[in-house]
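Data block below; observations after.
Values in this text are rule-based calculations from the coordinates and carry no lab data. Keep in mind the model is a prediction, meaning the values are calculated, not measured. Positions of Cβ are backbone-derived with ideal geometry, glycine not excepted, and every protein chain shown enters the neighbour counts.
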Amino acid sequence: MSEQEKNNTFLLIFVIVIVIIIYVGSFGQVDLTIENVSKQNNEDKLNLGKLKSRYNKLKTLIQKKESLNIKLNKKFKRIYFGVRLVLTSIYLGYNALLYFVFNITNLGDLLNCNQLALIVIALFSFIAFGTLANVQDFINNIKMRLESRTYNKYVDITEQIETHKKEAVKLTATMTQAKSKIELTNEPLIENSVPIENKNDIVKKKM
């Protein structure tokens, strides 16, 4: 082996020994719990960020659906009012027909004609539906169909809003817990940042 190779080998061994000494010596200065706590803290912050993002999206969704629900309610009320208005117009038109066309001007005669109309309607109702309860079911069915056409795919929008609100409450509680956990993990992180050797020095000084 030449002199140059010996020098290179000696230099390499010297560097390796220095690196080992520095690595072993660093064990006394580095507190491994700091790294673990810091990693856990970063994961908690990441989870908290995801929770906040989901909460903000949920809040926006609730606001949109509540606004949509108000619009749909107004639309349904207008349609239902229109149906009632049509039925009222038919009734008024019937009385106007009796008064102006058939020249029935006596109040008693008008009432008798209205009573007759009610009897005819009741008769047809009995033939078609059977009982008064079935008539009520028929009216409710018409109302449900109007609601279904008005709300379309948002027919259960009220239940959707309630579900979203419950999820938002759960997210708020989870975020509060996550914040508390982060605050707790930050406290020991500051305390553990003191090197182990310094801690030993402090203990010796107290003794």
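Of Met144, Met175, the sequence from fewest to most neighbouring Cβ atoms within 10 angstrom is Met144, Met175. Diagonalising the gyration tensor over the Cα atoms of the stretch 48-188 and scaling each eigenvalue by 5 before taking the square root yields semi-axes of 59, 16, 11 Å, largest first.
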